[in-house]
Each structure stands twice: as structure tokens, then as C-alpha cells.
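*Asks:* The structure under discussion is supplied below as C-alpha cells; questions concerning it will follow.
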Amino acid sequence: CTFSKAEQKAKWCFKGDEIFKGKQYKIEVLEDEENEFTIHQLTISKPMHKNMGKYTCTINEIQTGSYLDVEATPCYFTRQLKSFREIEHRTCTINCQVDIEEADVTWYYEEIEIIKGYPDWFDHIKMVDDGRERSLVINDVPREAAGKFECKTNSDETEMKLRVVPVNEFLKPLEDQTCQEKEQVMFECQMGDDEADAEWRIAGNVVTEDDRIQIKKLEKGIHKLIILRARISDTGDISCTCVGQNET
């Protein structure tokens, strides 16, 4: 804009809030060719959709303004959200990737935009932008966080389902067994989390299925280790570990 007097301070504002010279804003005072007027100039570097709105320049209580309209560049996801399960009270990170580093995204939970106060456990949520990565971090994830999450750009969207399970515990622990060499022996336990995977060890060594050993994962969290032909070397501790959690 052009002002009739020289050496007058200008106040630039965006949507009513004063803005200052910085990485994105360049504020200059220029003189016209005939030195009759003073030109006040605001330059916005790499304007994005969030910079769209009304800008004003005020000098000596005289104000002029204009509206900046930014056409957003279409943005697409280069990595989609993926569904997974998480254990209650742990830190849960839901992430995806966009093709434009400056892109804005909006997060949704159960088809409603995530904003301060929604959902009820909003205080557990932190939204993180790191380069082209977009993450929703949930600290001390509550059981109530289970559900559908969506992330949307101006041209694309992706979604996933989060399952939150309780901290696992063994409802039925292993019991000691005695058998003769080459006999069949079975060990059984039951976990509270019926989706959890188990890791079996014999004498401290992880075992997998082969022609002598069978490992079964059944309904209601029941896990079995069956040694079809016992050996003397099997003597010792037999343990079952819920992957990432408890052991019996």
C-alpha cells in the first residue's frame, strides 16, 4: 500500500493479530520514484492454505486491507494408516505420510474431528508433524480409545481401526509335569487376552513346532505345548511368555 507521509510506522495484521518480520513475513518500507509517497510492502514467502485470510495495514489509525486467497496444492498420502492393537496404558502412535511437507491434515475419531475437548480423553493426544510424517500420539492409551481413526488432506483420506486390550495376565498358570523318556507330555496355560501370542521355552531356549513338538493357540486364551516324544534334555523349566508382557 502507499501512504502520503514518510517516516510513518505501519502495523501489519493477519485476521486481527499483529504480524512481524520473520521467516515467512518480509516487511519493507520503500520510496516511490518521485519521493512523494512511502510504499509499505508485506511479502509472504511460500503462502499456504493456512495463510488465507484478511491482511490489514494501519498507519496513524488509518487502515487499509485486502484478502489473500490461496489455492491449496492437492495433497495425497504416500503411506496409509494401518490398523493394529495396542496394550492399555502404553504409548500408541498412529502415523501416515503425505507427499507435500507443508501439507495440513485433519484427524478424526469415529468420524468426528479431533479438537480440544473431543474425545473425552483428548488430554492424552498429541499431534505431530515431522517433515512429511503425520502422527497422532496417544499417551497412556485408555480402553476408550478403541475405534476408527481417520486422517484427511484437502484431496485424500486414510483410515484405520485401533484395538486396545487390557494388560494381560495368566488366568491359569503352567503346572509341573512328570513323564518317562519318549512319552508324550502336555503343558497348558490360559491368558486373559485371547488375542495374545505366546512364546514357549524349554530349559531357557525358545522352541518352535517340528516333528516332535506341537504348539497350539486355542479359543479363550488357551495355549498348549505338546512334546510328542520327551527327551532327557527336556528336563528343567518350561515357560510360556505372552509376547511383550507376562511369563508363567
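*Asks:* Rounded to a whole number, what % of the accessible area of the chain do carbon and sulfur atoms account for, probe 1.4 Å?
*Replies:* Roughly 44 percent, rounded to a whole number.
*Asks:* How large, in Å, is the range 136-248 by the Kirkwood hydrodynamic radius built from its alpha-carbon pairs?
*Replies:* Every distinct Cα pair counted, the radius reaches 16.6 Å.
*Asks:* Once the Cβ-Cβ distance between residue 235 and residue 146 is put in as r, and R0 is 35 Å, what FRET efficiency do you end up with, to the nearest 0.05?
*Replies:* 0.20
*Asks:* Using a Förster distance of 45 angstrom, determine the FRET efficiency expected from the C-beta separation of residue 120 and residue 228, and round it to 0.05.
*Replies:* 0.30
*Asks:* I've got another one for you. Along the Cα→Cβ direction, 7 angstrom out, place labels at residue 243 and residue 219. What is the inter-label distance in nm?
*Replies:* 2.3 nm
*Asks:* Explain nothing, just the number: relative contact order of the chain, from Cα pairs under 8 Å at least 6 residues apart, as a whole percent.
*Replies:* Relative contact order, the chain: 13 percent.
*Asks:* Subtracting the Cα-Cα distance from 0.36 nm times the residue separation, let me have the gained length for residue 211 to residue 5 in nm, one decimal.
*Replies:* 64.7 nm
*Asks:* Defining a contact as two alpha carbons under 8 Å apart and six or more residues distant in sequence, what relative contact order in percent does the range 157-236 show?
*Replies:* Relative contact order comes out at 32 percent.
*Asks:* Accessible area per residue, 1.4 Å probe, Å², for the range 138-237: what's the number?
*Replies:* Per residue, the range 138-237 has 60 Å² of solvent-accessible surface.
*Asks:* For the range 1-118, what log10 I(q)/I(0) values come out of the Debye formula at q = 0.13, 0.15, 0.22 1/Å, with one point per alpha carbon and no solvent?
*Replies:* With no solvent term, the Cα-only Debye profile gives -0.73, -0.84, -1.29.
*Asks:* Still on this structure: Hey, if you drop one equal point scatterer on each alpha-carbon of the range 50-103 and run the Debye formula without solvent, what base-10 log of I(q)/I(0) do you get at q = 0.15, 0.18, 0.19, 0.28 Å⁻¹?
*Replies:* For the requested q values the scattering log ratios are -0.69, -0.78, -0.82, -1.08.
*Asks:* Mind scanning 50/82; 21/46; 23/126; 82/148; 172/216; 82/152 and naming the pairs with a C-alpha gap bigger than 18 Å?
*Replies:* Where the Cα-Cα span goes over 18 Å, the pairs concerned are 50/82; 23/126.
*Asks:* If we count every other residue with Cβ under 12 angstrom of residue 17's Cβ, Lys/Arg +1 and Asp/Glu -1, where does the sum land?
*Replies:* It works out to a net charge of +2.
*Asks:* Over the alpha carbons of the range 103-199, what is the largest minus smallest coordinate on each principal axis, giving the biggest first in Å?
*Replies:* 69, 26, 22
*Asks:* Let me ask another. Could you give the length gained by full extension between residue 176 and residue 48, i.e. 0.36 nm per residue of separation minus their alpha carbon distance, to one decimal place?
*Replies:* 39.4 nm
*Asks:* When only C-alpha pairs under 8 Å and at least 6 residues apart count, what is the relative contact order of the range 74-208, in percent?
*Replies:* 26 percent.
The values are calculated or read from the model by the stated rules, or taken from the named source; none is laboratory data. Model, not experiment: these values are computed from the prediction. Glycine gets a Cβ as well: all are built from the backbone with ideal geometry, and neighbour counts include every protein chain shown. Just the protein is used for accessible areas: all its heavy atoms, side chains included, with ligands, DNA and RNA removed. Shrake-Rupley method; radii C 1.70, N 1.55, O 1.52, S 1.80 Å.
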